[in-house]
1. Let me confirm something: among 249, 305, which residue is within 18 Å of residue 218 (Cβ to Cβ), touching a strand residue (DSSP E or B) at 6+ places or on another chain (Cβ under 7 Å) and part of a helix (DSSP H, G or I)?
2. Show the residue pairs that are 6+ apart or on different chains and have beta-carbon atoms under 6 Å apart, the first residue being within segment 280-302 and within 16 Å of residue 319 (Cα to Cα), the second being within 16 Å of ligand 3 (Cβ to nearest atom).
3. Restricting attention to segment 63-86, and to residues there that are part of a loop (DSSP other than H, G, I, E, B) and surrounded by 15 or more Cβ atoms within 10 Å (Cβ to Cβ), which single residue is farthest from ligand 1 (Cβ to nearest atom)?
4. Examine segment 327-338 for a residue that is closer than 27 Å to residue 276 by Cα, assigned to a loop (DSSP other than H, G, I, E, B) and touching a helix residue (DSSP H, G or I) at 6+ places or on another chain (Cβ under 8 Å), and state whether such a residue exists.
5. Restricting attention to segment 339-369, which residues are in a helix (DSSP H, G or I) and within 9 Å of ligand 1 (Cβ to nearest atom)?
6. Taking residue 35 as meeting all but one of (1) over 27 Å from residue 161 (Cβ atoms); (2) more than 16 Å from ligand 1 (Cβ to nearest atom), write down the number of the exception.
7. Looking at segment 149-181, which of the residues that are within 16 Å of ligand 2 (Cβ to nearest atom) and closer than 18 Å to residue 55 by Cβ is surrounded by the most Cβ atoms within 10 Å (Cβ to Cβ)?
8. Looking at this structure, is residue 372 out of contact with any strand residue (DSSP E or B) (no Cβ under 9 Å at 6 or more places or on another chain), within 15 Å of ligand 2 (Cβ to nearest atom) and part of a helix (DSSP H, G or I)?
Ligand code: ADP
Ligand code: 3PG
Ligand code: MG
């Protein structure tokens with residue numbers, strides 16, 4: 001068992017470097033579209049404040065290549081200000097001299113949020129110099145970023161190897177809820193996978209197919225599979241260099257007698273005109289882009305879902321942010337929420353969709369992890385949790 005913040009004594013006056021996953025959808029006006037991930041880490045933040053620690057928070061947001069004002073954590077700092085009854089500062093600077101100075105000003109029981117960790121060179125390569133610089137800011141490292149626990153980054157992995165450490169309350173809750181799926185899934189176990197992060201999710205699908213009884217694939221993920229089967233996909237999102245991996249997954253499924261369900265009809269937009277018309281088709285022709293699954297696919301997916309004793313869902317079935325492409329996600333989400341089996345839903349966008357369509361009451365566990373939860377189900381462990389010290393019993 002991993003050490004948690006509850007096992008840490010004498011936090012008063014200590015600077016706690018807290019890694020959270022505040023990678024939330026934010027629109028072009030800086031409005032946070034779904035607060036689930038931030039709200040999920042509030043118990044950890046509030047606990048540390050109550051213990052009179054000086055709380056310095058680290059998180060990434062999106063996948064920026066260097067500084068990008070649209071990927072600033074500033075809106076999150078504003079949100080935290082409204083939620084916490086303590087001082088909340090935000091440090092725009094990327095200069096460690098300035099950051100150190102700002103950290104030195106943090107009072108006991110107060111919070112300072114630093115800028116997006118992916119603005120710092122060396123974050124994603126887990127550079128040792130950056131890890132050391134980050135570690136020099138605090139006395140103790142706490143990781144509550146379950147959603148990012150599959151990424152060996154400087155702020156999630158590198159720092160943990162340097163400072164005394166523990167996991168936060170969200171991380172503890174996630175591990176407790178998801179571990180039963182990893183150990184003994186109830187059958188039939190149906191995995192519903194969609195969204196857009198094809199390459200990072202495909203890797204995991206290779207072993208999820210061994211654990212699940214059937215695999216439902218929708219969203220942008222589906223087109224690479226359809227292409228692998230020789231179907232035309234027009235201008236839909238595809239990762240050409242993943243076609244062979246898709247074929248391999250389909251072959252593994254066949255050899256194990258597992259079902260893989262792919263879309264049989266689509267909602268497409270005409271990619272050749274400026275004012276694209278939207279229609280439902282069985283085959284995606286040239287100049288057409290697939291943005292959602294069609295009505296027949298919804299029916300087929302819902303039927304499979306209704307038979308499940310256990311479900312894991314990650315990734316919207318279409319470009320759900322636009323109402324005209326949201327039906328697939330809404331209907332598949334409804335089928336999952338109405339399923340009598342145990343349902344776990346994870347992922348930043350998937351949670352946003354669940355909240356948008358008000359499906360939360362029918363879901364047994366809402367995980368803040370998307371890729372992380374998939375990798376945890378697949379491997380039973382995550383590198384950024386492994387690196388945390390064990391509880392001393
Ligand atoms: P999660 O955050 O839940 O893990 P992802 O980040 O993988 O999910 O995917 C969510 C994104 O996928 C959304 O922005 C959605 O618009 C996009 N998406 C899903 N289907 C399609 C599609 N057919 N074409 C383009 N984008 C899509
Ligand atoms: C997620 O949204 O799945 C996590 O925040 C990790 O983000 P990443 O896939 O960009 O590393
Ligand atoms: Mg996402």
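The values are calculated or read from the model by the stated rules, or taken from the named source; none is laboratory data. Remember, it's a predicted structure, so these values are computed and weren't measured experimentally. Methodologically, a virtual Cβ is constructed for each residue, glycine included, from the backbone with ideal geometry; neighbour enumeration extends over all protein chains shown.
1. Among 249, 305, only 305 is within 18 Å of residue 218 (Cβ to Cβ), touching a strand residue (DSSP E or B) at 6+ places or on another chain (Cβ under 7 Å) and part of a helix (DSSP H, G or I).
2. Short answer, once both residue conditions are applied: 291/318; 291/319; 291/325; 292/318; 292/325; 293/218; 293/317.
3. Per the stated criteria, the residue is 86.
4. no
5. 348, 349, 350, 351, 352, 353
6. In the conditions (1) over 27 Å from residue 161 (Cβ atoms); (2) more than 16 Å from ligand 1 (Cβ to nearest atom), residue 35 misses (2) alone.
7. So the first thing to find is which residues in segment 149-181 are within 16 Å of ligand 2 (Cβ to nearest atom), and the list is 149-158, 168, 170-171, 174, 178.
So of that shortlist, the ones also closer than 18 Å to residue 55 by Cβ come out as 155-156, 168, 170-171.
Details: 155: 29, 156: 29, 168: 27, 170: 25, 171: 31.
By that ranking, first place goes to 171.
8. No.
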